[in-house]
Amino acid sequence: MLSTRTPDRTSAALSEIMKIPMARPLFDETTRQSILEVLDSGRLAQGLRVLEFEERFAEWAEVPFAIAVSSGTAALLLALMALEIGPGDEVITTPFTFAATANTILFLGARPVFADIQPSTLNLDPEEVERRITPRTRAIVLVHLYGNPCDMGIFTELAARYGLALIEDAAHAPGALYQGRPVGSFGIGCFSFYATKNITTGEGGMITTQDSHLARRLRMLRDHGQSAKYVHEILGLNFRMTELQAVLGIGQLQHIDAWNDRRRTIAAFYDQHLRGARPVAITPNSTPVYHLYTVRLSPGLRDAVRERLKEAGVETGIHYPTPVYRQPLYQRLGYNDSLPVAEAAAREVLSIPIHPALRDDEVRYVVEALNAAIEDLQGG
Ligand SMILES: Cc1ncc(COP(=O)(O)O)c(C=O)c1O
């Protein structure tokens, strides 16, 4: 629970010193020591620490196999490569995401096909996905947007019915549960440990799978397709994680459940105390991890509120300002989609700070600043 007692400092005093960022990574003393141990060991490239991180992550994520890679983008790319997706194939995905989700499909010569999102959660709409399935469709890439699980009951049934692979872009969602089961354990899970994510290794990623054959391919693909030293079985490149990243990851994993709890506590406080800003809905029967806390405001108001918050020292984000098909790259490739729910969301969303390093007084300050900005701008 977050206390609602009066702040020690007044809001006016706080605003003079307050700079509330969207993310602030935390590293404990043991982790700092482990970094020094790695430096002293002389072994910096992928080794036993990466293996340990993979084993711990797999256990925590309730999957038999976890493969550490150099980024979330690498995770998505290798998942598609392991399925041998390429020219002539179509992969259905969301336009309301970071470009990596679709770029990796494009990079392999396959065609990203965009389906619209649900107005409530902003996650992919299963009916919109089903309408776009053709004989060329090979896979669906879901994004558990903002840390809120997609409806995995419907998507696993859909993928099975049409014989499609399911890739879960869980960059925002480590620890999120759908009907008590961790995301990333339904299909091929792709996680990101980028600097602002729920756990970070600076840059880094993890792929999770239930399939031992796929796991073996993924391990080869991240290491120049090697099945043994200097035996290049298939075409891969270097997507390995370093030992330094792995010890950061091992350290972060010790805290992730508590940190996700803290994110949920802050979200509950926002849900209760924010006035005039509609939060994005949570999927029924699921436990989100609030990588982002995102509200919707009318387009004119959104940008004015954002400016007010900036003046008050509160950093905000827009996730995402442009549906992927509207990016210059995709326009040049001839994409002319106009998916109404994604278009509206891009104009209306605003993410406010939510992370475990936020103090209670900072959370209250964000609420006060956002409520005041909306009241002021709507009244005036
Ligand atoms: C939804 C989503 N997918 C994929 C990625 C790519 O991850 P990375 O930056 O680790 O390559 C990110 C973020 O950065 C993301 O937000």
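The values are calculated or read from the model by the stated rules, or taken from the named source; none is laboratory data. Predicted, not measured: the structure shown is a model, and the values here were computed from it. FYI the Cβ positions are ideal-geometry reconstructions off the backbone, even for glycines, and counts take in every protein chain you see. Side chains are part of the model used for accessible areas, which takes the heavy atoms of the whole protein and leaves out ligands, DNA and RNA. Shrake-Rupley method; radii C 1.70, N 1.55, O 1.52, S 1.80 Å.
Condition test on residue 137, is it more than 13 Å from the ligand (Cβ to nearest atom) and surrounded by fewer than 21 Cβ atoms within 10 Å (Cβ to Cβ)? Yes; evaluated as a whole, the condition is true for this residue. Listed by position, the helices (runs of 4 or more DSSP H) inside the stretch 270-378 whose residues that are in contact (Cβ under 8 Å) with a residue 60 or more places away in the chain number at least 3 are 299-311, 340-348.
Taking the stretch 287-318 as the range and being modelled with pLDDT of 95 or more, more than 18 Å from residue 96 (Cβ to Cβ) and of a type outside the set (A, V, I, L, M) as the test, the residues that pass are 287, 303, 306, 307, 308, 310, 311, 313, 315. Could you please give the count of residues in the stretch 199-210 that are in a loop (DSSP other than H, G, I, E, B) and either under 26 Å from residue 165 (Cα atoms) or within 11 Å of the ligand (Cβ to nearest atom) (or both)? Adding up the residues that qualify gives 6.
The lone criterion from (1) among the charged types (D, E, K, R); (2) open to solvent by 20 Å² or more (accessible area, probe 1.4 Å); (3) within 30 Å of residue 354 (Cα to Cα) left unmet by residue 169 is number (2). Scanning the stretch 148-197 for residues that are touching a residue at least 60 places away in the same chain (Cβ under 8 Å), within 11 Å of the ligand (Cβ to nearest atom) and in a loop (DSSP other than H, G, I, E, B) turns up 171, 172, 173, 193, 194, 195, 196, 197.
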